[in-house]
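The values are calculated or read from the model by the stated rules, or taken from the named source; none is laboratory data. Here the structure is a predicted model, which is why all the values come from computation and not from measurement. Please note: Cβ atoms are built from the backbone with ideal geometry, for glycine as well, and neighbour counts cover all protein chains shown.
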Amino acid sequence: MTNTSNLKEINIENLVAEHTEDMYRWAFHKTSSNETAEDLVQDTFLVAAEKLSGFKGNSSPKTWLFSILNNKIIDFYRKKARTEKNIGNQSITALFDGDGNWKKNREPRDWGEDESHLLDNEDFQKILKQCLDALPQRWNTCVKLKYLSTKSGEEICQEVGISSSNFWQIIHRAKLQLRECIDENWFNH
């Protein structure tokens with residue numbers, strides 16, 4: 001237990017210097033994402049900085065920080081689950097019937113005769129950018145690397161730090177979400 005005289009010596013800079021590495025390792029272990037782990041640790045320190053004056057020393061500073069971090073990790077997965085449930089976890093069965101035919105009102109819309117020049121259309125580019133930006137960060141990165149940088153799946157997996165099956169699942173879900181977003185914003189505008 002920390003005594004009150006030691007509480008005066010605790011400041012956010014010392015906490016960052018002492019605990020960032022351990023917290024990052026824990027967050028990475030829980031999320032398997034460098035970027036997410038870094039964000040979660042940063043968010044933890046932001047909360048800790050705001051609440052530092054209320055820290056009473058009933059536990060060690062490290063225990064207190066990890067408690068905040070664990071809550072941030074839980075919040076991350078709750079948000080991720082809601083996002084996937086609402087927009088990203090659309091399955092093939094939502095698009096096709098048992099015979100493999102498009103379900104009514106789910107078939108791709110007619111993009112018109114001039115579809116080969118659609119990427120030259122500034123309005124379409126804006127909508128495509130908005131739809132790409134609406135993707136979760138990892139999905140956005142994978143799509144851009146695959147289709148804009150034309151990297152191989154293997155290269156992307158190494159760069160992003162994911163498995164091959166995770167990569168293809170991300171690409172599949174991202175395509176479904178992009179299709180839905182473009183349908184909503186391009187065809188209905």
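Cβ-Cβ contacts under 8 Å between residues 6 or more apart (or on different chains), taken from a first residue in segment 58-78 that is more than 19 Å from Ile12 (Cβ to Cβ) to a second residue that is part of a helix (DSSP H, G or I) and polar (S, T, N, Q), are listed as Ile73/Thr31; Phe76/Thr31; Phe76/Thr36.
With the structure loaded, tell me whether Glu107 is surrounded by 11 or more Cβ atoms within 10 Å (Cβ to Cβ), at pLDDT below 90 and in the same structural domain as Val143 (by TED's automatic domain parsing) or whether it fails that test.
Judged against the criteria, Glu107 is a match.
Residue by residue, here is whether (1) modelled with pLDDT of 95 or more; (2) among the β-branched types (Val, Ile, Thr); (3) in a helix (DSSP H, G or I) holds:
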residue	(1), (2), (3)
Ile10	no, yes, no
Glu18	no, no, yes
Arg25	no, no, yes
Arg78	no, no, yes
Ala81	no, no, yes
Gly98	no, no, no
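If the condition is being in a helix (DSSP H, G or I) and loosely packed, with under 15 Cβ neighbours inside 10 Å, then segment 48-73 contributes Ala49, Glu50, Lys51, Ser53, Gly54, Lys62, Thr63, Ser67, Asn71. When Lys30 is tested against (1) closer than 24 Å to Thr141 by Cβ; (2) charged (D, E, K, R); (3) at pLDDT 90 or above, exactly one condition is not met: (3).
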